[in-house]
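Engineer: Can you keep this structure in mind? I'll have questions shortly.
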Amino acid sequence: MRISLFALSFLFLSLGVSISGDVNSLLKQKGCLSCHDVEKSKVGPSFKVIAKEYKDKKGAADTLVQSITGGSVGKWQGLANKYGIKITAFYMPRQAVSKEEAAKIAKWILSLE
Ligand code: HEC
């Protein structure tokens with residue numbers, strides 16, 4: 001118990017370093033981190049690889065807001081091959097976030113290097 005609590009706080013500490021405050025609590029609160037990580041692709045693509053794909057695209061923020069609030073299906077099957085990543089689901093259900101919250105998150109994702 002003691003050890004797992006320690007491991008947990010370590011996890012949150014290291015997450016805290018790579019995610020900025022406001023967006024950090026949104027991602028945690030809304031459960032995004034159960035499927036996404038900043039660096040590693042797991043159930044869904046990592047936020048960094050999403051940034052790579054959309055950074056230079058027109059209307060990228062709107063696309064991401066649409067995916068977050070409306071859900072996304074099948075887009076990352078091909079993209080996973082393109083980036084050599086592995087994800088374990090082919091769709092994201094629509095998330096319970098407001099447009100404003102989604103816009104904040106999308107802006108943050110697109111700012112990742
Ligand atoms: C149940 C797992 C799950 C949860 C929870 C989840 N996602 Fe996803 N997410 C995915 C999967 C899987 C994909 C890939 C979807 C696809 O291939 O179209 C994805 C894709 C995305 C994309 C890329 C969409 C695109 O248009 O390419 C963004 C941005 C994203 N998620 C953000 C979020 C945010 C923000 C949250 C929390 C509010 C969240 N996700 C919660 C699984 C999840």
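Engineer: Net charge near Val38, counting Lys/Arg +1 and Asp/Glu -1 over other residues with Cβ under 14 Å of its Cβ?
Structural biologist: Result for the local shell: +2.
Engineer: Calculate the translational D of the range 33-81 in whole µm² s⁻¹ from Stokes-Einstein, where the hydrodynamic radius comes from the Kirkwood formula applied to all Cα pairs, the temperature is 37 °C and the viscosity 0.692 mPa s.
Structural biologist: Roughly 290 µm²/s, to the nearest whole number.
Engineer: Compute the signed sum of charges (Lys and Arg +1, Asp and Glu -1) over the other residues within less than 11 Å, Cβ to Cβ, of Ser98. Before the final figure, lay out the partial values.
Structural biologist: Working: positive: Lys30, Lys99, Lys104; negative: Glu100, Glu101.
Every neighbour counted, the sum reads +1.
Engineer: Expressed as cubic angstrom per residue, what is the convex hull volume of the alpha carbon set of the range 21-110?
Structural biologist: 85
Engineer: If the cut-off is a Cα-Cα distance under 19 Å, which lysines reach Lys104, setting aside same-chain residues fewer than 8 apart in sequence?
Structural biologist: Lys28, Lys30, Lys48, Lys52, Lys55, Lys57, Lys58
Engineer: At 7 Å along Cα-to-Cβ for each site, give me the label-to-label distance between Asp22 and Ser34 in nm.
Structural biologist: Going by the 7 Å Cα→Cβ label model, 2.6 nm.
Engineer: What order, most packed first, do the peptides 44-57, 93-106 have when packing is the mean number of other Cβ atoms within 10 Å of each residue?
Structural biologist: With the highest mean Cβ count within 10 Å placed first, the list reads 44-57, 93-106.
Engineer: Another question, then. Sorted by average packing, counted as other Cβ atoms within 10 angstrom per residue and highest first, what order do 78-86, 22-30, 61-69 take? Provide the component values of the computation, followed by the final result.
Structural biologist: Numbers: 78-86: 12.6, 22-30: 15.4, 61-69: 17.8.
Top to bottom by mean Cβ count within 10 Å: 61-69, 22-30, 78-86.
Values in this text are rule-based calculations from the coordinates and carry no lab data. Since the structure is predicted, the reported quantities are computational estimates derived from the model, not experimental observations. Counting neighbours? That spans all protein chains shown, and the Cβs are built from the backbone with ideal geometry, glycine included.
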